[in-house]
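K.L.:
Input: one structure, supplied below.
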Amino acid sequence: MRTDLFASSLKAVPFFEGEVVSGRKLGRKLGFPTANIDVNINWLNNGVYGVSVKLDGSTYLGVMNIGVKPTVDSNLKRTTEIHLMDFKGNIYGEKISCNVIFPIREEKRFNSLEELKQQIKEDIIYAKKHFKHRGLLAADKQIHFVREQVSKSS
Ligand SMILES: Cc1cc2nc3c(=O)[nH]c(=O)nc-3n(C[C@H](O)[C@H](O)[C@H](O)COP(=O)(O)O)c2cc1C
């Protein structure tokens, strides 16, 4: 049922794969640990997105930031990092695949870490609402569209 529901949007779901690498680990201090992904996504603008991530056979929902992290970093190196919602665990070195499901906002420079933290909380609330709206409630194998399915349907 659910698969049918999403069949029409299958072609439009962008997809990438990458390995989880070590970041500066500030995310944990912020209260939102992130998986830094070793990938260069030149087909997306810097910003925050709602994503689904396939990891070790399970699928998780998350929020992804692509950009230069102007609030915390002065070297302006572009990174891709994902906070997986309702997930705890060490996934360094693991391969993930990721569907970019919807945009949330542009990346911004905040005046303090506290403001950034507050914004990320709001991003998560917004993302959860949108996932729910699309029938994506929690970790669920059916919601992940693998590349093979995308190309078959196109
Ligand atoms: C959902 C989300 C939104 C984010 N938005 C911004 C942002 O607008 N501006 C910014 O400077 N950093 C943003 N970040 C990046 C955080 O600064 C970053 O996760 C934190 O510094 C930890 O980085 P580290 O894992 O390299 O230590 C965002 C991160 C997440 C997970």
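K.L.:
Hey, can you tell me all the residues within region 61-77 that are buried (at least 21 other Cβ atoms within 10 Å of the Cβ) and on the phi < 0 side of the Ramachandran plot?
P.N.:
Of everything in region 61-77, those that are buried (at least 21 other Cβ atoms within 10 Å of the Cβ) and on the phi < 0 side of the Ramachandran plot turn out to be 61, 62, 63, 64, 65, 66.
K.L.:
Then there's this: Give the residue that is nearest to residue 114 (Cα to Cα), with candidates limited to residues of region 18-28 that are surrounded by fewer than 17 Cβ atoms within 10 Å (Cβ to Cβ) and more than 8 Å from the ligand (Cβ to nearest atom).
P.N.:
My answer is 22.
K.L.:
Just to be sure before I move on: is residue 139 at pLDDT below 75 and not hydroxyl-bearing (Ser, Thr, Tyr) in the structure I sent?
P.N.:
So residue 139 passes the test.
K.L.:
Quick one: residue 53 ticks every box in (1) modelled with pLDDT under 90; (2) under 13 Å from the mean Cα position of the chain (by Cα) except a single one, so which number is it?
P.N.:
(1)
K.L.:
Hey, can you tell me all the residues within region 89-114 that are in a helix (DSSP H, G or I) and touching a Ser or Thr at 6+ places or on another chain (Cβ under 8 Å)?
P.N.:
The answer is 113, and nothing else.
K.L.:
Looking at residue 81 and the list (1) under 17 Å from the mean Cα position of the chain (by Cα); (2) of a type in the set (Asp, Glu); (3) in a loop (DSSP other than H, G, I, E, B), which single condition is not satisfied?
P.N.:
(3)
K.L.:
Find all pairs meeting these conditions: Cβ atoms under 6 angstrom apart; at least six residues apart or on different chains; first residue within region 23-49 and under 11 Å from residue 79 (Cβ atoms); second residue part of a helix (DSSP H, G or I).
P.N.:
Once the first residue is under 11 Å from residue 79 (Cβ atoms) and sits in region 23-49, its partners that are part of a helix (DSSP H, G or I) give 34/27.
The values are calculated or read from the model by the stated rules, or taken from the named source; none is laboratory data. Only a predicted model underlies this, so the values are computations on that prediction, with no experimental measurement involved. Don't worry about glycine lacking a Cβ; one is built from the backbone with ideal geometry, like all the others, and counts go over all protein chains shown.
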